[in-house]
Amino acid sequence: MSAQLVEEGRLAFDRQAWGDAYRTLSAADRDVGLDAEDLERLAVVAHLTGRNEAGHAARERAIQAHVDAGRPEQAARCAFWLGMQLSRRGEPARGGGWLARAERLVADRPDAVEHGYLLVPRALGANDSADPETAAGLFGRILDHAQRAGDPDLDAIGRLGLGQALLHLGRPDEGLALLDEAILAVRSGAVSPIPAGIIYCGAIDTCQRIADLRRAAEWTASLGRWCDEHPDLVPFRGQCLIHRSQVLQVQGRWPAAMSAAVDACRRLTDPPIDPAVGAAHYQQAELHRLRGELDAAEEGYQEASRWGRSPQPGLALLRLAQGRPDAASASLRRVLEEPQDPSERVHLLAASVVALLAEDRLEDAEAAAREAVALAGGVGSPLLAAVADQALGTVLVEEGRAGEALPLLRGAWHQWEELGAPYETACVRVLLGQACRAMGDEDGFVLELDAARTVFQQLGAVTDLQSVEALVARSSPAVAGVAGTGVARAGVVDAGVLSDREVEVLRLVADGRSNRQVAEALVISEHTVARHLQNIFAKLGVDSRTAAASWGFQHGVL
């Protein structure tokens, strides 16, 4: 009977029926015990069905059984996976001990492929520490080991890691080609289930960060099918739901995105709790923020932080929605002093631009936007370039340089439109409308804002909808009255067209103060004062300080 149980367990393992394999192999182990190879099988299926402690115990026994049988390489391979799993689950000391033991087991076997596996923790650490050159060198050595030994698991891990490092180094074509090859190996069935799930999640996460949403959507669907084919699978399913939620969010399917994020959080907090639960909370918080549910967003970002996921840049954008630009800038300034990969930094810089503009720090905002443009160009992602160009376009509109902003904003609009990202497209259209207004095209202003408002209404983007309504309300009565029709009367300027800060500048200018004196009074730079005056002149259709002051007196602003 025991031999039959073992055979049934092996057959269930081969057909990837993980639950059946666990039940039969564990029953056989209780009856007569398992040999080293079957203990490894038991460890794998225990992990895949969420029984981590049972899996760790089986691996420990498999290691000792391999050592007793004089198979140090196999023992080292087991010790490597045990060490990696323990480290990932928040037990770095215990995990490090097993990794060190793996090193000792093959210390006198320089040609063992396990040396390639044991380079993986160092290579991952280099990538995580924003040291892609070191990571690329280590992953290159890992690939050499894998190819000499003909090891498909290590080969796929090496291609994923090297691809990520090359993306960090600004070599997108090479990096993405390696990610494609790693995913191809997984899809072909050549890669074992545990590294297969790791590679899926790592590749999708990388594509999300560099805004390659086409690949992210395709691979998320593939990961979803893989999870569905293995109903007993516990790890990777929650991460798959997070990625699905992110894709649905970009597609404008926010209720479905929230459902996936909530489901991910539920799955990841079921024992054993997965560290990725922080990402699930962050995703929920992002959707709450976009829908104007600010208290729920605040709670979500706090939960994400408790689970080790940085709440930025979402929390800073929440602070802006709450009218606290100083808090947003302070948080982003602190985060930007820490090392990040270029794609993550682009998103942080884009959020920083909005916060700095809210504080009227135009020069700092322009510097942040130009850094984002340079970084995005190095990564080579068209959509990261759109994020950066949109940030710079925002600054240029604020500085009264709408003519320079329009090509950048049009390019960003085309990228988001091509992707099918309605929210991002609508945000750019608001900026395009403001640029049109600055250039005297009031009809263009109304048409762009009307299109954006329609999308925000459909999505339920409450905060953005309120901002658009405020922009329209500050227009001339004629514009505000017909904003929904796409028709406006040009050439009429209402007093509300000026921002509060622009009114402050105009009052001081009307008092006869120089740019330097205005700057000292408002604690801003002379350059910023000059930019405000350019904006005021453009909005009022005047070309001198005297004419602007005259307009202010006529409209009761001064």
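Miscellaneous remarks
- Placed amide H near GLY292: partners under 5 Å, 5+ positions off or other chain: VAL462, THR463
- Contact order, relative form, for segment 38-152: 16 percent (alpha carbon pairs under 8 Å, 6 or more residues apart, mean separation divided by residue count).
- Rounded to the nearest 20 debye, dipole of the chain from Cβ charges on Lys, Arg, Asp, Glu: 480 debye
- Our coupling estimate for segment 318-323, obtained by passing each phi through the Karplus curve with A = 6.51, B = -1.76, C = 1.60 and θ = phi - 60°, is 5, 4, 5, 5, 7, x Hz, Gly and Pro reported as x.
- Evaluated with a Cβ-only charge set (Lys, Arg +1; Asp, Glu -1), segment 290-390 carries a dipole of roughly 140 debye about its Cα centre, given to the nearest 20.
- Kirkwood Rh, angstrom, segment 281-342 [1 / mean 1/r, Cα pairs]: 11.6 Å
- Along segment 111-119 the Karplus relation, 6.51 cos²θ - 1.76 cosθ + 1.60 evaluated at θ = phi - 60°, assigns HN-Hα couplings of 8, 5, 5, 4, 4, x, 4, 6, 7 Hz to successive residues, with x for each Gly and Pro.
- Taking other residues whose beta carbon is less than 11 angstrom from the beta carbon of CYS227, and scoring Lys, Arg as +1 and Asp, Glu as -1, yields +1.
- With the convex hull of its Cα atoms as the shape, segment 348-423 has an orientation-averaged projected area of 4.8 nm².
- Working from Cα pairs under 8 Å separated by at least six residues, relative contact order for the chain is 8 percent.
- What segment 251-326 shows is 44 Å² of accessible area per residue, with the surface traced by a 1.4 Å probe over protein heavy atoms.
- Option label - Rg and Dmax of the Cα atoms in Å computed here, alternatives (i) 28.5, 100; (ii) 26.2, 86; (iii) 34.7, 118: (i)
- Database remark: amide H of GLY170 closer than 5 angstrom to no amide H (H placed geometrically; neighbours at sequence offset of 5 or more, or on other chains; Pro and chain starts carry no H).
- Helix 237-250 and the long axis of the chain differ in direction by around 20°, with both axes built from C-alpha atoms.
- Heavy-atom accessible surface of the chain: percent carbon and sulfur, 1.4 Å: 51 percent
- Each residue of segment 372-381 was assigned a 3J(HN,Hα) from its phi angle through the Karplus expression (A = 6.51, B = -1.76, C = 1.60, θ = phi - 60°), giving 4, 4, 5, 5, 4, x, x, 6, x, 8 Hz with x at Gly and Pro.
The values are calculated or read from the model by the stated rules, or taken from the named source; none is laboratory data. Values in this document were obtained by computation on a predicted structure and should not be read as measured data. For neighbour counting, all protein chains shown are included, and Cβ atoms are generated from backbone atoms with ideal geometry for every residue, glycine included. Heavy atoms of the whole protein, side chains included, go into the accessibility calculation; ligands, DNA and RNA do not. Shrake-Rupley method; radii C 1.70, N 1.55, O 1.52, S 1.80 Å.
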